[in-house]
Amino acid sequence: MGMFADRMSQVSVSATLKVAAEAERLRRAGHSVVDFSAGEPDFPTPEHVKAAGKAAIDANFTRYTAAAGIPELREAICARYKRDYGVDITAAEVLLTVGGKQALFNTALALFNPGDEVITHAPYWPTIPEQVKLVGAIPVIVPTSSTDGFRVSAEAVIAAITPKTKAIILNSPGNPTGALIDEPVVAAIAEEAARRDIWVVVDLCYEQLIYEKVPHNLPKALFDRHRARSLLARATARAHLTLCALRSSRLIVGL
Ligand SMILES: Cc1ncc(COP(=O)(O)O)c(C=O)c1O
């Protein structure tokens, strides 16, 4: 009998953290290192966010909240999706997590059975296929190429679908390439997924870091075609939408 659960043998150590450790080792050895591994903004948490967090603690806003999140925050998220994307969602469709990683992990636990295939595109953020493996599902990787800017093609994703496909996970802007997925590509994938009852998960973690004016309304491209089995995952700190976990409750401190 192994000491750990069998599922632990399914996952690999974090390549990102390996690179970060190597960068730290080189730095300590006196080298000048530019570290592209773990990503974090190069500025501190904004003052108004810190102030709101402190004020909430002083007001004893530190108790358990509804598991799905504070109702006012869920309503605020619906309002933001309406304002920024023109999509109608209800608070009942919003679940708060303590970050994008937990949102994706909860998704994997809730949706994927052992043996299910889950399609995503490479190069990828290593967590995406690892979380799929952790729940016993099988990542199916659609490669992209540097020669065309790591473009995700709808045809390649659709060609990877088999009768075992349970979901397609798309990440735009993509980590680590920064490549954007075009709205018509998401629309085509959503249409095919709708026909075949496949979930589409879109990770928009870095959406606030698009610096050119380009069309990127992926929520609408998805919801207009495939409302029933669509899932959007948003990360927090990167989007200046800072959620702060206090005593396992969820507290919004900046919107
Ligand atoms: C593509 C992608 N999605 C989600 C996340 C997770 O975000 P969070 O820090 O909010 O858990 C990351 C973090 O690196 C990421 O790169």
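The values are calculated or read from the model by the stated rules, or taken from the named source; none is laboratory data. As the structure is a computational prediction, the values presented were derived from the model and not from experiment. All Cβ positions, glycine included, derive from the backbone under ideal geometry; neighbour counts span all protein chains shown. Ligands, DNA and RNA are stripped out before the accessible areas are found, and what is left, the full protein with its side chains, is counted by its heavy atoms. Shrake-Rupley method; radii C 1.70, N 1.55, O 1.52, S 1.80 Å.
Below, the figures for the structure above:
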{"read-out": "In the range 128-147, residue nearest to the ligand (Cβ to nearest atom) [restricted to those that are outside any strand (DSSP E or B) and within 16 Å of Gly178 (Cα to Cα)]", "value": "Ile128"}
{"read-out": "Hey, Ala188 outside any strand (DSSP E or B), touching a residue at least 12 places away in the same chain (Cβ under 8 Å) and more than 21 Å from the chain's Cα centre (by Cα) or not", "value": "no"}
{"read-out": "Tabulated pairs, the range 54-73, first on the phi < 0 side of the Ramachandran plot, second of a type in the set (Phe, Trp, Tyr), C-beta under 9 angstrom, 6+ apart or interchain", "value": "Ala55/Phe61"}
{"read-out": "Residue satisfying all of: in the range 98-117; within 12 Å of the chain's Cα centre (by Cα) and free of Cβ contacts under 8 Å to residues at least 24 places away in the same chain; farthest from Ser230 (Cα to Cα) among these", "value": "Gln102"}
{"read-out": "Flag for Arg195 being away from the ligand (no atom under 14 Å from the Cβ), in contact (Cβ under 8 Å) with a residue 12 or more places away in the chain and either surrounded by fewer than 15 Cβ atoms within 10 Å (Cβ to Cβ) or not in a strand (DSSP E or B) (or both)", "value": "no"}
{"read-out": "Which numbered condition Ala29 fails, given (1) in contact (Cβ under 8 Å) with a residue 12 or more places away in the chain; (2) more than 16 Å from the ligand (Cβ to nearest atom)", "value": "(1)"}
{"read-out": "Test: residue in the range 147-158 that is among the basic types (Lys, Arg) and either in contact with a strand residue (DSSP E or B) (Cβ under 7 Å, 6 or more places away or on another chain) or surrounded by fewer than 15 Cβ atoms within 10 Å (Cβ to Cβ) (or both)", "value": "no"}
{"read-out": "Qualifying position, being within 16 Å of the ligand (Cβ to nearest atom) and charged (D, E, K, R), among Asp88, Asp58, Asp42", "value": "Asp42"}
{"read-out": "Selection within the range 159-173 - away from the ligand (no atom under 16 Å from the Cβ), crowded, with 19+ Cβ neighbours inside 10 Å and among the β-branched types (Val, Ile, Thr)", "value": "Thr165"}
{"read-out": "Residue under evaluation Pro71, criteria (1) within 16 Å of the ligand (Cβ to nearest atom); (2) more than 20 Å from the chain's Cα centre (by Cα), criterion not met", "value": "(1)"}
{"read-out": "Among the candidates Lys213, Lys220, residue that is on the phi < 0 side of the Ramachandran plot, more than 16 Å from the ligand (Cβ to nearest atom) and outside any helix (DSSP H, G or I)", "value": "Lys213"}
{"read-out": "Among the residues listed as Thr162, Thr177, Thr147, Thr120, the single one being among the polar types (S, T, N, Q) and within 14 Å of the chain's Cα centre (by Cα)", "value": "Thr120"}
{"read-out": "Single residue of the range 1-15 satisfying the filter (polar (S, T, N, Q) and open to solvent by 90 Å² or more (accessible area, probe 1.4 Å)) that is farthest from the chain's Cα centre (by Cα)", "value": "Ser9"}
{"read-out": "Phe150, sole failed condition from (1) at pLDDT 95 or above; (2) within 16 Å of the ligand (Cβ to nearest atom); (3) not in a loop (DSSP other than H, G, I, E, B)", "value": "(3)"}
